[in-house]
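The values are calculated or read from the model by the stated rules, or taken from the named source; none is laboratory data. All of these numbers come straight from a predicted model, not from anything done at the bench. Glycine gets a Cβ as well: all are built from the backbone with ideal geometry, and neighbour counts include every protein chain shown.
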Amino acid sequence: MQFRPLCTPDLSVNSENGIHRAVPVRCKRWSCEVCAEINRRRVIRLAKRGKPTAMLTLTISSKDFPTPDSAAAELKRGLVALRKRINRRWPSEKMPFIAVFEKHKSGFPHLHLLIRARFMPIKWLREVWTDITGSWNVNIVSFRGRDQLASYAAKYIGKDLAAFEHCKRWWRSHDYDRPSKEEEKETRPRQEWRRWEADIRLLKSCITALGGDVSFPERDVIEWTGPPDKNLSITEVTGVMRSWYLHTNPRSIRPFGAFKS
């Protein structure tokens, strides 16, 4: 079983009814080469799962703003005002969305949104956007099928995800979609998990040497049970790891205590 590159020396372990499970602890920072790609793919997955019908791109003139950060703040404010105008024009239209900033070569932002909405005339959108921001530059593209949606999601929603001061890289409306079963599990309290400093890639050898049974139920997850007469806790496993590998990895293997994700 191949684990994705690790960005921390930590792992979290859960033990229940003699079954032990360990997963790598990731920093989840966009500045991390490992986590940035994982984060990007997650945003693309969420974007497609909302089943949007079109992509809306909002732009404002960089000449009207002293910095890219101030332009991003204006785009965010403009989006809030635009949604209110749309709701007044079409009272039943809520326009669920997922939005990301894209940084132009000049450093100034565009705002891309995958939306779920009925047809909206481009002429009306440009008139309203001009009234809100002073810029007419709006574009909307309706998706003709899943292939085009996937292409736009990967090309625009997952392309850059630039950060600007006081603005999130990406966000979505509460009604854009519902979390999957996997994400619902991720959001549940994990009070039974404990954090350890240990190399997850060495666990299989140590567990097997102690007579345990190892499996990999999911990517980057290792699960094991002990022999019939032994529980084979993480404390025992890391004790073996310490005795085997201390001379090549002098960093101590120690618990960090219980935590909530």
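Within region 8-40, being of a type outside the set (S, T, N, Q) and within 17 Å of A163 (Cα to Cα) holds for K28, R29, W30, C32, E33, C35, A36, E37, I38, R40. Could you count how many residues in region 143-159 are in a loop (DSSP other than H, G, I, E, B) and in contact (Cβ under 8 Å) with a residue 24 or more places away in the chain? Count: 3.
When only residues in region 145-186 that are modelled with pLDDT of 75 or more and of a type in the set (S, T, Y) count, which is surrounded by the fewest Cβ atoms within 10 Å (Cβ to Cβ)? Per the stated criteria, the residue is S151. Where residues in region 33-46 are β-branched (V, I, T) and free of Cβ contacts under 8 Å to residues at least 60 places away in the same chain, which of them is surrounded by the most Cβ atoms within 10 Å (Cβ to Cβ)? Among residues in region 33-46 that are β-branched (V, I, T) and free of Cβ contacts under 8 Å to residues at least 60 places away in the same chain, the one surrounded by the most Cβ atoms within 10 Å (Cβ to Cβ) is V34.
The single condition from (1) in contact with a Phe, Trp or Tyr (Cβ under 9 Å, 6 or more places away or on another chain); (2) under 16 Å from I157 (Cα atoms); (3) modelled with pLDDT under 90 that R41 fails is (1). Taking S62, is it touching a residue at least 12 places away in the same chain (Cβ under 8 Å) and surrounded by 14 or more Cβ atoms within 10 Å (Cβ to Cβ)? Criteria met by S62. Which of (1) under 27 Å from A154 (Cβ atoms); (2) surrounded by 13 or more Cβ atoms within 10 Å (Cβ to Cβ); (3) touching a helix residue (DSSP H, G or I) at 6+ places or on another chain (Cβ under 8 Å); (4) of a type in the set (G, A, S) does A72 not meet, given it meets every other one? A72 satisfies every listed condition except (3). Exactly one residue among R21, R26, R49 is touching a residue at least 12 places away in the same chain (Cβ under 8 Å), surrounded by fewer than 20 Cβ atoms within 10 Å (Cβ to Cβ) and farther than 30 Å from P96 by Cβ, and that residue is R21. Within region 117-144, no residue satisfies the criterion of being charged (D, E, K, R) and surrounded by 19 or more Cβ atoms within 10 Å (Cβ to Cβ). Restricting attention to region 187-196 and to residues that are at pLDDT 85 or above and not hydrophobic (A, V, I, L, M, F, W, C), the residue that is farthest from T225 (Cα to Cα) turns out to be R195.
Restricting attention to region 96-138, the residues being in a strand (DSSP E or B) and either closer than 17 Å to D175 by Cα or out of contact with any strand residue (DSSP E or B) (no Cβ under 7 Å at 6 or more places or on another chain) (or both) number 7.
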